[in-house]
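The values are calculated or read from the model by the stated rules, or taken from the named source; none is laboratory data. Model, not experiment: these values are computed from the prediction. No Cβ is skipped: glycine too gets one built from the backbone with ideal geometry, and neighbour counts run over all protein chains shown. We work out accessible area using only protein heavy atoms, side chains counted, and drop any ligands, DNA or RNA first. Shrake-Rupley method; radii C 1.70, N 1.55, O 1.52, S 1.80 Å.
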Amino acid sequence: MDKQIPNKLFFKIGEVCEITDTQPYVLRYWESEFAALAPAKNSSGQRIYRRKDIETVLRIKQLLYDEGFTIAGAKKRLEVELGGRGQTPAAMASLPETEVANVIEDDESVAQQVKELRDVLLEVRSELRGMLTLLEKGGRKGN
């Protein structure tokens with residue numbers, strides 16, 4: 001954990017591997033095991049990590065390799081340490097607008113991006129519901 005985390009907003013998986021001295025397949029596995037580790041994906045599907053994600057990776061690595069925890073034990077310890085603050089993207093999408101800024105307190109611009117993304121997703125959901133209604137109406141006419 002000697003390496004400094006560069007002062008950037010986002011990191012690709014290769015950069016995270018270099019900073020944390022882990023392999024990509026290890027990071028992907030940890031993502032499936034630890035709810036607190038949920039990097040976003042860009043439009044081409046690449047994982048985009050934030051500083052908080054890298055800190056989580058470093059803590060998971062410390063728990064597993066240095067302190068000898070099992071995966072299950074590390075999960076429990078991390079949940080206790082984070083005190084329920086490790087929000088997954090799905091959990092964040094369900095938060096009311098007023099709480100989005102509380103979840104991402106580190107960076108106001110990130111909080112604004114999350115709010116804008118949430119608004120877009122709500123609009124998409126509304127449009128999809130409208131399409132479903134039209135399809136259901138069309139199905140009734142054909143019967």
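None of Arg59, Arg77, Arg50 is in contact with a Leu (Cβ under 9 Å, 6 or more places away or on another chain) and touching a residue at least 60 places away in the same chain (Cβ under 8 Å) except Arg50. The one condition from (1) surrounded by 12 or more Cβ atoms within 10 Å (Cβ to Cβ); (2) touching a Phe, Trp or Tyr at 6+ places or on another chain (Cβ under 9 Å); (3) under 27 Å from Gln113 (Cα atoms) that Thr20 does not meet is (2). Quickly run through the range 63-73 and pick out the residues that are out of contact with any Phe, Trp or Tyr (no Cβ under 6 Å at 6 or more places or on another chain) and either open to solvent by less than 50 Å² (accessible area, probe 1.4 Å) or β-branched (Val, Ile, Thr) (or both). Of everything in the range 63-73, those that are out of contact with any Phe, Trp or Tyr (no Cβ under 6 Å at 6 or more places or on another chain) and either open to solvent by less than 50 Å² (accessible area, probe 1.4 Å) or β-branched (Val, Ile, Thr) (or both) turn out to be Leu64, Thr70, Ile71, Gly73.
Total residues in the range 25-51 satisfying the condition of being buried (at least 16 other Cβ atoms within 10 Å of the Cβ), within 9 Å of the chain's Cα centre (by Cα) and part of a strand (DSSP E or B): the figure is 1. Scanning the range 1-17 for residues that are open to solvent by 70 Å² or more (accessible area, probe 1.4 Å), under 14 Å from Lys61 (Cβ atoms) and of a type in the set (A, V, I, L, M) yields a count of 1.
Residues that are at pLDDT 70 or above and either under 21 Å from Ile5 (Cβ atoms) or open to solvent by 90 Å² or more (accessible area, probe 1.4 Å) (or both) do occur in the range 81-91, at least one of them.
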